[in-house]
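Written below as structure tokens is the structure these notes are about.
None of the figures in this text is laboratory data; all of them are computed from the coordinates on show. Computed from a predicted structure; not experimentally measured. Methodologically, a virtual Cβ is constructed for each residue, glycine included, from the backbone with ideal geometry; neighbour enumeration extends over all protein chains shown.
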Amino acid sequence: MTSSAYLKISQLVKRFGAVTAVDHVNLEIEPGEFLVLLGPSGCGKTTLLRCIAGLEHPDKGAISIGDTTVFSSDRGISLPPAKRRVDMVFQSYALWPHMNTYENIAFGLKLRKLPKREIKERVTQVLEDLGMAGLEQRFPFELSGGQQQRVALARLLANRPPVFLMDEPLSNLDARLRLDMRSELKRLHHDSGATTVYVTHDQTEALTMASRVVVMDTGVVQQIAPPEELYRSPANLFVAEFIGSPRVNLFRATPFSDETGKWLSTGDFKLPVSRLPEAEEIIAAIRPENISLHREPVPGGVEFRIYAVLPAGPEVFVHVVRGETTFVVRMPPGPELQMDQTVWVTVDERSVNYYDVETGDLVRRT
Ligand SMILES: Nc1ncnc2c1ncn2[C@@H]1O[C@H](COP(=O)(O)OP(=O)(O)OP(=O)(O)O)[C@@H](O)[C@H]1O
Ligand SMILES: [Mg+2]
């Protein structure tokens with residue numbers, strides 16, 4: 001059982017010349033949390049992780065792990081990596097080329113002068129957990145990319161640091177193995193209770209693994225929330241569009257009311273709503289699964305034309321158009337829908353989010 005640490009990052013800034021890779025980041029990570037840093041390539045995920053590990057020297061801010069301040073620009077503190085009680089698996093898994101699998105994993109444990117028997121137990125156990133038993137004697141050049149990645153992961157797991165830092169540890173595995181390893185890692189995390197900061201640019205991975213997700217863009221934290229909340233109530237348009245596949249449907253609309261009811265109006269259609277957002281114009285966001293298609297007219301239904309039908313096994317994605325507006329609809333496979341067929345669209349109003357046209361921020365409902 002690994003003891004957990006509590007990680008706190010305050011106002012952290014890291015610049016490379018003109019690029020601000022980490023821009024005033026604040027994070028508090030609870031003991032035992034599985035925190036995922038998610039964002040597009042170049043948004044600063046690796047840099048933030050390296051700052052925590054002590055491999056980058058931040059320009060400003062503070063980092064503490066447990067009761068220890070490991071970095072503080074104000075107080076002139078910067079502990080070396082070895083003194084931070086964290087361990088990192090790198091995006092490019094750096095294995096020792098002249099050591100076999102066993103030695104690569106055992107290396108750190110030997111440095112820490114663990115008894116031989118315990119080293120053997122730990123190495124054997126992690127290799128078994130990761131489905132790598134039998135590969136002890138192979139050198140890195142005799143392993144596939146995916147196997148090398150698992151050795152790097154095994155090294156971290158065998159070391160049992162209080163804080164695990166993982167930078168896209170599954171990126172080199174094929175799709176099926178990646179799924180297996182996600183569940184394996186989740187299980188290992190559950191059993192060890194180690195505080196984990198995990199980097200990925202894969203939103204599905206983030207949503208499936210995280211206790212909370214931190215979405216970053218250009219070094220700036222956009223939202224910190226549990227996966228479900230992130231999906232249901234994205235804090236701004238960047239998060240709304242980044243999370244979810246297929247992408248969220250966005251449309252610009254003017255709220256208005258008349259004697260027939262309350263409406264969201266676009267150039268192409270008007271949707272009936274029960275409550276109006278307080279703004280002259282908003283951007284509405286609706287997930288593909290919160291739109292329904294009907295073959296016959298229904299009350300409040302808006303007439304659309306089917307542009308394309310894309311079956312995908314257990315679900316079907318249907319693209320419907322009206323004027324300039326295209327919606328993507330996710331539905332179970334059912335009665336066949338044809339291209340150019342007329343359908344009536346209704347939306348689950350409770351699941352529509354409204355965003356400020358200027359700032360892109362979520363308009364909170366009153
Ligand atoms: N050593 C460096 N020197 C100069 N610029 C750097 C350095 N390391 C990172 N950067 C820049 O900092 C920004 C953040 O890079 P970082 O590697 O943290 O992104 P990332 O989110 O991990 O991306 P990816 O998903 O591609 O791994 C990028 O603009 C990158 O070019
Ligand atoms: Mg990276």
*Gln341's amide H: which non-local residues (gap 5+, or another chain) put their own amide H closer than 5 Å, with H modeled 1.01 Å from N in plane and none for Pro or chain starts?*
Ile306
*With springs only between Cα atoms under 10 Å, which of Ser92, Ser274, Ser245 fluctuates most in a Gaussian network model of the chain?*
Ser274
*Ser192 paired with Thr68, simple spin-label distance in nm, labels 7 Å along Cα-to-beta-carbon*: 1.7 nm
*Please build a GNM for the chain, connecting alpha carbons under 10 Å apart, and tell me which residue among Pro169, Pro311, Pro335 fluctuates the most.*
Pro335
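Antiparallel versus total DSSP beta bridges in the range 7-242: what percent is that, nearest 5? Working shown, then result.
Details: 23 of 41 bridges.
DSSP beta bridges in the range 7-242 are roughly 55 percent antiparallel.
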*Could you please state, rounded to a whole Å, how far the C-alpha centre of the range 317-366 is from the C-alpha centre of the range 142-212?*
35 Å
_Using the basic label-point model (7 angstrom from Cα toward the beta carbon), what is the Glu30 to Arg350 distance in nanometres?_
2.5 nm
*Distance from the Cα centre of the range 213-292 to that of the range 6-30, in angstrom?*
29 Å
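Pop out the Kirkwood hydrodynamic radius of the range 56-162 from its pairwise C-alpha distances, inverse of mean 1/r, in Å to one decimal. Don't skip to the answer; put the middle values down first.
On the way: mean 1/r = 0.0657 Å⁻¹.
Evaluated over the range 56-162, this radius sits at 15.2 Å.
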*Of the trypsin sites (Lys or Arg not before Pro) in the range 220-253, which ones lie in a loop per DSSP and count no more than 15 other C-beta atoms within 10 Å?*
Arg247
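Quick one, what does Rg over Rh come out to for the range 97-252 if you take C-alpha atoms and the Kirkwood Rh?
On the way: Rg = 18.3 Å, Rh = 17.3 Å.
With Rg and the Kirkwood Rh in hand, the quotient comes to 1.06.
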*the chain, relative contact order [Cα under 8 Å, separation at least 6], %*: 15 percent
*Determine the gain in length on full extension of the stretch Glu336-Arg247; use 0.36 nm per residue of separation and subtract their C-alpha separation, reporting nm with one decimal.*
29.7 nm
*Per residue Cα convex hull volume for the chain, in cubic angstrom?*
174 Å³
*Report, as a whole number in µm² per second, the diffusion coefficient that Stokes-Einstein gives for the range 173-299 at 25 °C and 0.890 mPa s using the Kirkwood radius over alpha carbon pairs.*
139 µm²/s
*Over the range 100-154, equivalent-ellipsoid semi-axes from the Cα gyration tensor in Å*: 19, 11, 9
_What number results when the radius of gyration of the range 301-344, computed over Cα atoms, is divided by 2.2 N^0.38 Å?_
1.08
_Calculated diffusion of the range 225-272, Stokes-Einstein form, Kirkwood radius summed over Cα pairs, 4 °C and 1.567 mPa s, µm²/s_ = 102 µm²/s
*Just from the alpha-carbon atoms, what are the Rg and Dmax of the range 1-89 in angstroms?*
12.6, 44
*Note down the nm distance, to one decimal, between modelled labels 7 Å out along Cα→Cβ at Leu276 and at Glu229.*
3.1 nm
*Debye intensity ratio I(q)/I(0), log10, the range 239-358, q values 0.10 Å⁻¹ (C-alpha model)*: -0.30
